[in-house]
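No lab work stands behind these numbers, since they all come straight from the coordinates. Not measured: the values here are computed from a predicted model. Cβ: placed from backbone, ideal geometry, glycine included. Neighbour counts: every protein chain shown.
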Protein chains: 2
Amino acid sequence: MQDTSRLCLHTITTKSWSLERAIDAYAEKGVTGITVWRQALEGRDPAKVGQRIRNAGLEIVSLCRGGFFPASSVVERKERLDENRRAIEQASALGAPLIVLVPGAHPSQSLGTSREQIREGIEAILPLAEASNVRLGIEPLHPMYADTRSAINSMAMANNFCDQFDSPYLGVVVDVYHLWWEPALENEIRRCGASGNLFAFHVSDWRLPTEDLLNDRGLMGEGCIPIRKIRGWVEQSGFNGFIEVEIFSNRYWAIDQDAFLESIVQAYLKYV
Amino acid sequence: MQDTSRLCLHTITTKSWSLERAIDAYAEKGVTGITVWRQALEGRDPAKVGQRIRNAGLEIVSLCRGGFFPASSVVERKERLDENRRAIEQASALGAPLIVLVPGAHPSQSLGTSREQIREGIEAILPLAEASNVRLGIEPLHPMYADTRSAINSMAMANNFCDQFDSPYLGVVVDVYHLWWEPALENEIRRCGASGNLFAFHVSDWRLPTEDLLNDRGLMGEGCIPIRKIRGWVEQSGFNGFIEVEIFSNRYWAIDQDAFLESIVQAYLKYV
């Protein structure tokens, strides 16, 4: 099968390309969705970018990323809220139906305090998201990012977090890289789907050995994550949206990006 | 306070020292416990080493490490069992009351399969451990080691695992480095203590940024782990044994080990 009708790429995956180059290359390769990272929008009018993406035949899946709510001072936390509101406005102008939220954490305070600040942050920005018709997707991050990136580190925690709210505009982004180790993952994915909260699905792989905590993600199939099995759980939960390839990799960023894109498409067809 | 009466060091922490050098240096610094890594025993008679340690006034806290039960073939799994039996015999000769078990994982199979093989492994070696009066301590490892080192990645999982057995010879090793991120850690430590299963307590710290998944642990106080808070939970659960410093660190292994040992004692007094 050569079905790429649900294949989406994150612009960060081909970081060295300009947004325009990425749009053209993705469309040419049969990629059908794009998740735009905010840094790729710099110096551009998001409304025009949105139009250009749609003209190329691509669907905008999400804007990456908001969040990072915890901070050690009130002033900083307020700045984070303003930044998130700008992200919502950008998403709205771009035509992105979803913003991926990396929850955040601050090493000077307990994870419990950071979680409370994440809750306060969501509470503050959710009305604008609802008014703008932009959904917010909490992305639980691997526990190795609990120091500075996320105090929400499993699907169970993300589901519990969403239970505090009751909004169709707040849900969860499932990323196999962050969650593959979780013992109750299948149940928690089912729980998420049953609540209508499973908003997005990201794939990459866990390399052996992983040589960098941030930028050594693998191409699907070169690691130990049971991607296809997890995809099955996600689909059984009712999700039928895009499958998004999000790879941070010093090694892949350094190679020819056209060849990398071809490898991604092949790996998607073979291992996802 | 200068109370080091519960301070134990793992020989791996001062890896470049011979076991004899480590014993003398620890004793001289007022360290009172020692956890012996098996590689430090190479070419030595464990009974004589045990005597030497006791003569120096140190208490043997545990032998590190057994475990690594999962493997993709029956033959390999049998070899792992034999290796664990040798470790039990070594611990017995040394006079170590406890073996730390790193459970293991194999990337070619599901974590569920690896967990089942860990269960089978424990079942196979537990009778010898009981007969030898050597306790086995399961060490849950951080989820970033779920690829090749441990399919048991949280205190909750370790507690659930022990519930499958009902032996005073099987318990849990609590290491702040692996578990600090866990949302229900306090409750799970209490649960472990209430079952009489909390066998050992390891400390180090999580550096920011962590530059290597294996060998970039921090000295207590230089990272973001709430060590003293977790120590409190451990003691409230009834544990009053040694506090073991286990630091894998390319950066600390490269410096003068006497100076490093002094820093460890100071960090222990100040941050643990």
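Which value, in debye to the nearest 20, gives the size of the charge dipole of chain A about its Cα centre, when Lys and Arg are +1 and Asp and Glu are -1 at the Cβ? Could the numbers behind the result be given before it?
Working: 28 positive and 35 negative charges, 48 e Å.
Dipole about the Cα centre, nearest 20: 220 debye.
For B:Arg119, what is the net charge nearby, where nearby means another residue's Cβ is under 15 Å from its Cβ and Lys, Arg count +1, Asp, Glu -1? It would help to have the intermediate numbers written out before the result.
Details: positive: B:Arg77, B:Arg80, B:Arg115; negative: B:Glu116, B:Glu120, B:Glu123, B:Asp163, B:Asp166.
Local net charge: -2.
Within the range B:7-271, what percent of beta bridges assigned by DSSP are antiparallel, to the nearest 5? Present the calculation step by step, with values, prior to reporting the outcome.
Values: 3 of 33 bridges.
Here the antiparallel bridges make up roughly 10 percent for the range B:7-271.
As a footprinting exposure proxy, order A:Trp17, A:Trp253 by other Cβ within 10 Å, with the fewest listed first.
Numbers: A:Trp17 19, A:Trp253 16.
Ascending number of Cβ neighbours within 10 Å: A:Trp253, A:Trp17.
Have a look at B:Ile138, B:Ile122, B:Ile152 and tell me which one the Gaussian network model of chain B (Cα, springs below 10 Å) gives the largest fluctuation.
Looking only at B:Ile138, B:Ile122, B:Ile152, the biggest GNM fluctuation is shown by B:Ile122.
Taking a label point 7 Å from Cα toward Cβ, how far is A:Ser110 from its twins in the other copies, in nm, shortest first?
3.7
Only bridges whose two residues both fall in the protein assembly as shown count here: according to DSSP, what percent of them are antiparallel, nearest 5? Before the final figure, lay out the partial values.
On the way: 6 of 66 bridges.
Beta bridges within the protein assembly as shown, antiparallel portion: roughly 10 percent.
Pull up all non-local amide H partners of A:Asp175: gap of 5 or more, or a different chain, and H-to-H distance under 5 Å with H placed in the peptide plane.
Amide H neighbours of A:Asp175, under 5 Å, 5+ apart: A:His202.
Let me know the number of lysine pairs in the protein assembly as shown closer than 22 Å at the Cα, not counting same-chain pairs under 8 apart. Intermediate values should be presented prior to the final figure.
Values: A:Lys15/A:Lys29; A:Lys15/A:Lys48; A:Lys29/A:Lys270; A:Lys229/A:Lys270; B:Lys15/B:Lys29; B:Lys15/B:Lys48; B:Lys29/B:Lys270; B:Lys229/B:Lys270.
Count of close lysine pairs: 8.
What is the distance, in nm, between label points placed 7 Å from the Cα along the Cα-to-Cβ direction at B:Asp82 and at A:Asn250?
4.1 nm
Take B:Arg52 and B:Ser167, extend 7 Å from each Cα along the Cα→Cβ direction, and tell me the distance between the two endpoints in nm.
3.1 nm
Distance between Cα centroids, the range B:221-272 to the range A:127-179: provide it in whole Å.
33 Å
Between B:Ser73, B:Ser167, B:Ser132, which gets the highest mean-square fluctuation from a Gaussian network model of chain B, Cα cutoff 10 Å?
Per the Cα network of chain B with a 10 Å cutoff, B:Ser73 tops the list.
Can you compute the equivalent ellipsoid semi-axes for the range B:7-271, i.e. the square root of 5 times each eigenvalue of the Cα gyration tensor, sorted largest first and rounded to whole Å?
On the way: eigenvalues 137, 100, 66 Å².
After scaling each eigenvalue by five and taking roots: 26, 22, 18 Å.
Between the label point of B:Glu262 and that of the same position in each other copy, find the distances and list them shortest first in nm, with every label point placed 7 Å from Cα along the Cα-to-C-beta direction.
For B:Glu262, the other copies' label points sit at 6.1 nm, shortest first.
Which one, B:Gly33, B:Gly193, B:Gly238, has the greatest fluctuation when you compute a Gaussian network model over chain B with C-alpha springs under 10 angstrom?
Per the Cα network of chain B with a 10 Å cutoff, B:Gly238 tops the list.
Based on the Cβ-Cβ distance from B:Ser5 to B:Asp258, what FRET efficiency comes out when R0 is 25 Å, to the nearest 0.05? Each step should come with its number before you reach the end.
Working: r = 21 Å, r/R0 = 0.86.
Result of the calculation: an efficiency of 0.70.
Using a simple charge model, +1 on the beta-carbon of Lys and Arg, -1 on the beta-carbon of Asp and Glu, nothing else, what dipole does the protein assembly as shown show about its Cα centre, in debye to the nearest 20? The partial results should precede the final answer.
On the way: 56 positive and 70 negative charges, 33 e Å.
Approximately 160 debye in magnitude.
Under the definition of partner shielding as Cβ atoms of other protein chains within 10 Å of a residue Cβ, what is the mean value for peptide B:137-145? List each step's numbers first, then the result.
Numbers: counts 0, 0, 0, 0, 0, 5, 10, 8, 2.
Counting Cβ atoms of other protein chains within 10 Å of each residue's Cβ and averaging gives 3.
To the nearest whole number, what is the average tally of beta carbon atoms from other chains within 10 Å of the beta carbons of peptide A:2-15?
Values: counts 0, 0, 0, 0, 0, 0, 0, 0, 0, 0, 0, 0, 0, 0.
Per residue, the number of nearby Cβ atoms from other chains is 0 on average.
Go through the range B:166-177 residue by residue and turn each phi into a ³J(HN,Hα) via Karplus (6.51, -1.76, 1.60, θ = phi - 60°); whole Hz please, and just put x for glycine and proline.
Coupling constants for the range B:166-177: 9, 10, x, 9, 10, x, 10, 9, 8, 10, 4, 4 Hz.
³J(HN,Hα) across the range B:239-256 via Karplus (A = 6.51, B = -1.76, C = 1.60, θ = phi - 60°), whole Hz, x for Gly/Pro?
For the range B:239-256, the Karplus curve yields 7, 9, x, 5, 10, 9, 8, 10, 10, 9, 7, 4, 5, 7, 5, 8, 9, 4 Hz.
Just in the range B:1-109: which GluC sites (Glu not before Pro) are loop by DSSP and have at most 14 other Cβ atoms within 10 Å? Please report the intermediate quantities before stating the final value.
Numbers: sites: B:Glu20, B:Glu28, B:Glu42, B:Glu59, B:Glu76, B:Glu79, B:Glu83, B:Glu89; in loops: B:Glu42.
Hits after loop and neighbour filter: B:Glu42.
Could you compute the FRET efficiency for B:Arg21 and A:Ser132, with r as their C-beta to C-beta distance and R0 at 51 Å, rounded to 0.05?
On the way: r = 66 Å, r/R0 = 1.29.
Step by step, r from the Cβ atoms, then E = 0.20.
Could you give the spread of the C-alpha atoms of the protein assembly as shown along their three principal axes, from largest to smallest, in whole angstroms?
80, 54, 41
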